[in-house]
Amino acid sequence: MPDTILVPVDGSPLSFDALEVALSEHTDAEIIALHVIDPTEPGYSYPVDLDPDAEPLHGSDEWMDRARELESDLFEDIESTADEHDAAVQTETSVGDPRRVIVDYAEREGVDAIVMGSHGREEGARILLGSVTEAVAFRSPVRVTLVR
């Protein structure tokens, strides 16, 4: 059994399904929930659907402040999910392209496995896998479990 599980979370239902799987199937493992703020992809960093006409300009300081506020809400939801499983989850944040950040984090921190949703927000963009999931699955140095 893996000792350390990385669960990328973007606020989508499937990212929370992946967190649920990690918490219920790996009860003795350290679970790390990694949220990536992507300043180049408007839809990825926000864990909720937002009106682009009412939000700050993508990548601006105001946008980053808003992303951090929403990240705080996301981490509260993660803690609540962990509490339901009587478990602890370590939360981490990185800024960058999630396709690279997730794989780099797994390599750098020596995680044993990644559990992630098979796609995030844009279900229509890819038939089977989201672009982030596809990149992580093919580049990961460790086993990747996809939840759908």
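So here's what we get for this one:
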quantity: Residue count, the range 96-118 (criterion: in a strand (DSSP E or B) and more than 12 Å from the chain's Cα centre (by Cα)); calculated: 1
quantity: Residue pairs meeting the criteria (Cβ under 7 Å; at least 6 apart or on separate chains; first closer than 16 Å to Thr133 by Cα, in the range 5-27; second of a type in the set (Val, Ile, Thr) and assigned to a helix (DSSP H, G or I)); calculated: Pro8/Ile102; Val9/Ile78; Phe16/Thr81; Leu19/Ile78; Leu19/Thr81
quantity: Enumeration of residues in the range 109-131 that are at pLDDT below 90 and surrounded by 17 or more Cβ atoms within 10 Å (Cβ to Cβ); calculated: Ser118, His119, Gly120, Arg121, Leu129, Gly130
quantity: Qualifying residue in the range 50-71 (condition: within 13 Å of the chain's Cα centre (by Cα), modelled with pLDDT of 85 or more and either crowded, with 16+ Cβ neighbours inside 10 Å or assigned to a strand (DSSP E or B) (or both)); calculated: yes
quantity: Condition check for Ala106: of a type outside the set (Ser, Thr, Tyr), modelled with pLDDT of 85 or more and buried (at least 19 other Cβ atoms within 10 Å of the Cβ); calculated: yes
quantity: Selection within the range 1-32 - buried (at least 23 other Cβ atoms within 10 Å of the Cβ) and either closer than 16 Å to Arg100 by Cα or aromatic (Phe, Trp, Tyr) (or both); calculated: Leu6, Val7, Pro8, Val9, Asp10
quantity: Test: residue in the range 74-96 that is farther than 19 Å from Gly11 by Cβ, aliphatic (A, V, I, L, M) and at pLDDT 95 or above; calculated: yes
quantity: Any hit, the range 34-41, residues being at pLDDT 95 or above and part of a helix (DSSP H, G or I); calculated: no
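The values are calculated or read from the model by the stated rules, or taken from the named source; none is laboratory data. Everything numeric here is computed off the predicted structure, so don't read it as measured data. Neighbour counts are summed over all protein chains in view; Cβ atoms, including those assigned to glycine, are modelled from backbone coordinates with ideal geometry.
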